[in-house]
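The values are calculated or read from the model by the stated rules, or taken from the named source; none is laboratory data. Worth saying up front: this structure is predicted, and the values here are computed from it rather than measured. With ideal geometry, Cβ positions are generated from the backbone for all residues, glycine too; neighbour counts draw on all protein chains shown.
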Amino acid sequence: MTEHDLNDKTLPGAAPAAGLRPLAARPGPSPLVWLALGVLILLALAVIFVLPGVVAEYELPLTPRAQVEQVQTPATAAAPTLNPVSPFEEAQRARQRLEAQEVLSSLLERQTALEDLQVSSWAQQAYDEALSFARAGDDAYRSQAFDQATEQYRSADTALARLQDSIPQVLADALARGNAALEAGDASLATEAFSLALLLQPGAVDAQSGVQRAATLDQVNALLAQADQQRSAGALEDARSTLEQALALDAAHAGARSQLDAVRQAISDNAFTRVMSAGFAALQSGDTESAIAAFERALGMRPGNAQAQEAITQTRDQLAVSRINAHRDAAQTHVAAEQWEAAVAEYDAALAIDAALVFAIDGRDYAAKRLQLDRLLQDAIDQPERLADTAVHAQAVQVYYTGLALENPGPRLQQQLSQVEVLLARAQVPVDVQLVSDNLTEVTLYQVGVLGRFQSQTLSLKPGRYVAVGTRPGYRDVRTEFDVGFDNRSAPVTVACTEEIVAVNRR
């Protein structure tokens, strides 16, 4: 069909539209327009098919990309090739590709950190397994299966994260292996283990110390062997010097420390035995002072040693016999003289020498009770006015009968009992006491009651101390204390308010 035919042809049953120019009259596109349209189509095909391959080749540094040649179908202006992937699908792929690249970035950071720690030297198998996931992710990425690539990269990233998390335990294990190797005397294994620990934690004090100890381990082992020979030959001082040299090289070596402690103990045992032998020799010859001095030196060498302490105790017992006898004789003299406080002091002195002395224990108990009885009786004699108090009087009666029940009371006790008996009797005999007032003062006797107003009044009161108080309106209160003696006589007591209170506001 020609252009002329198209111009002449119209739709069936339809008349040509008014004013519509025939197609033949319209000018056609220029050759430049067709050329530009062809270039745009070629660029679109390059973006869709060529650019993803180029990006994939340069965004995956984990493994090199295989060069894949892409066969392109020449595009012609007459028959352009349409893109089989829709814009939405292309956007989804771009998003998935970005997610895979983000996981890959974390994976590569972990890989770099672990390789800096020479991970293949302490976790080769686990590291290889992690890389196998990464390679599988590369394969999926090349085929543009980005979801699968992300999953594989994430598995690799997780595996490497576990390796990073295991570093503290690997470090602890390395330190433990190094210390065990040091104790076993294996310098090579110790150096290897501590070097790994320093690699995992640069500057670790334990690892640095371990490396230094491993460097001197062979010398230390040689010195330990030499010390064993010296001990076997009985040269303990030489063995101690050799072991001290070993510890100067490695102060933390447990074996050297243990052997040095054993050698020092053996030297100390020998010295202790010599001093104790000298003490027993002095004791056998009768020189107790020298014996005690030797035993005390031995006790100073071994504080708390039972053998030395027992030897000192036995020797001092021999020296203390005369002093104990002297204290016992003095105590008996004081008991006979009823000097109970001095007797207690002598018994205490004897017990200070030997706390198990039966005579001193029993004697002190009796002397202490007699001393208490003596003091209670003497207090009643020295302060008879206290017997007016009912409780004090009852106690004095009990003390009196306690002393009265003793056999062989002695002159002092007999005299005290006689004095207390008289005082107890007088304490219950009332004495007439005259109270004088002015018939204007209200008088109260605390131990008796309210007496009221009176000019003169006589009361029968038991011996003791009393307090009378007088009150009167407009006058200052008075307080009078007086004693009722044991001689059945008492001076008159005056209780009257005589000092008038001056009113401040009186006009």
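Please identify the pairs in which a residue from segment 78-103 that is at pLDDT 80 or above and surrounded by 12 or more Cβ atoms within 10 Å (Cβ to Cβ) has its Cβ atom under 6 Å from the Cβ atom of a residue that is aliphatic (A, V, I, L, M) and not in a loop (DSSP other than H, G, I, E, B), counting only partners at least 6 apart or on another chain.
ALA100/ALA149
All but one of (1) in contact with a Ser or Thr (Cβ under 9 Å, 6 or more places away or on another chain); (2) in contact (Cβ under 8 Å) with a residue 24 or more places away in the chain; (3) not assigned by TED's automatic domain parsing to the domain that holds LEU461 hold for TRP340, so report the exception by its number.
Failing condition for TRP340: (1).
Out of segment 119-145, which residues are within 24 Å of GLU102 (Cβ to Cβ) and within 43 Å of the chain's Cα centre (by Cα)?
Those that are within 24 Å of GLU102 (Cβ to Cβ) and within 43 Å of the chain's Cα centre (by Cα): VAL119, ALA126, TYR127.
Could you tell me whether segment 157-175 includes any residue that is out of contact with any strand residue (DSSP E or B) (no Cβ under 9 Å at 6 or more places or on another chain) and under 18 Å from ALA251 (Cα atoms)?
yes
Right, LEU163: of a type in the set (A, V, I, L, M), buried (at least 18 other Cβ atoms within 10 Å of the Cβ) and touching a Phe, Trp or Tyr at 6+ places or on another chain (Cβ under 7 Å) or not?
Working: of a type in the set (A, V, I, L, M): yes; buried (at least 18 other Cβ atoms within 10 Å of the Cβ): yes; touching a Phe, Trp or Tyr at 6+ places or on another chain (Cβ under 7 Å): yes.
In short, yes.
Looking at ARG162, ARG154, ARG177, ARG240, which one is in contact with a helix residue (DSSP H, G or I) (Cβ under 9 Å, 6 or more places away or on another chain), in contact (Cβ under 8 Å) with a residue 40 or more places away in the chain and not β-branched (Val, Ile, Thr)? Break it down stepwise before answering.
Values: ARG162 fails: in contact (Cβ under 8 Å) with a residue 40 or more places away in the chain; ARG177 fails: in contact (Cβ under 8 Å) with a residue 40 or more places away in the chain; ARG240 fails: in contact (Cβ under 8 Å) with a residue 40 or more places away in the chain.
Residue meeting the stated conditions: ARG154.
What do you reckon, is ASP147 acidic (Asp, Glu), in a helix (DSSP H, G or I) and touching a helix residue (DSSP H, G or I) at 6+ places or on another chain (Cβ under 7 Å)?
Yes: the conditions hold for ASP147.
Out of curiosity, is SER258 under 22 Å from ASN179 (Cβ atoms) and either basic (Lys, Arg) or surrounded by fewer than 17 Cβ atoms within 10 Å (Cβ to Cβ) (or both)?
Taking the combined requirement at face value, the residue satisfies it.
Of everything in segment 407-441 that's among the acidic types (Asp, Glu) and in a loop (DSSP other than H, G, I, E, B), which residue is farthest from ARG476 (Cα to Cα)?
Going through the qualifying residues, I end up with GLU407.
Taking the residues in segment 311-363 that are charged (D, E, K, R) and more than 54 Å from the chain's Cα centre (by Cα) as candidates, determine which candidate is farthest from PHE295 (Cα to Cα).
Selected residue: GLU338.
For segment 306-328, indicate whether the set of residues that are in a helix (DSSP H, G or I) and under 23 Å from LEU417 (Cβ atoms) is non-empty.
Start the filter on segment 306-328 by keeping residues that are in a helix (DSSP H, G or I), which leaves 306-328.
Next, only the ones that are under 23 Å from LEU417 (Cβ atoms) stay: none.
The answer is no, given that none of the residues of segment 306-328 is in a helix (DSSP H, G or I) and under 23 Å from LEU417 (Cβ atoms).
Tally the residues that are among the aliphatic types (A, V, I, L, M) and modelled with pLDDT of 95 or more, restricting the search to segment 469-494.
Result for segment 469-494: 2.
For (1) in the same structural domain as THR191 (by TED's automatic domain parsing); (2) touching a Ser or Thr at 6+ places or on another chain (Cβ under 6 Å); (3) over 30 Å from ARG316 (Cα atoms); (4) at pLDDT below 90, each residue gets a yes or a no:
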| residue | (1), (2), (3), (4) |
| --- | --- |
| ALA222 | yes, no, yes, yes |
| GLN226 | yes, yes, yes, yes |
| LEU236 | yes, no, yes, yes |
| LEU243 | yes, no, yes, yes |
| ALA246 | yes, no, yes, yes |
| ALA251 | yes, no, yes, yes |
| GLN265 | yes, no, no, yes |
| ASN270 | yes, no, no, yes |
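Is segment 425-443 home to any residue that is within 30 Å of ARG370 (Cα to Cα), free of Cβ contacts under 8 Å to residues at least 12 places away in the same chain and either touching a helix residue (DSSP H, G or I) at 6+ places or on another chain (Cβ under 8 Å) or surrounded by fewer than 17 Cβ atoms within 10 Å (Cβ to Cβ) (or both)?
yes
ILE381 is checked against (1) under 30 Å from VAL467 (Cβ atoms); (2) surrounded by 18 or more Cβ atoms within 10 Å (Cβ to Cβ) and fails just one. What number does that condition carry?
(2)
Anything in segment 146-184 that is of a type in the set (D, E, K, R) and under 35 Å from the mean Cα position of the chain (by Cα)? List them, or say none.
Correct list: ARG162, ASP165, ASP173, ARG177, GLU183.
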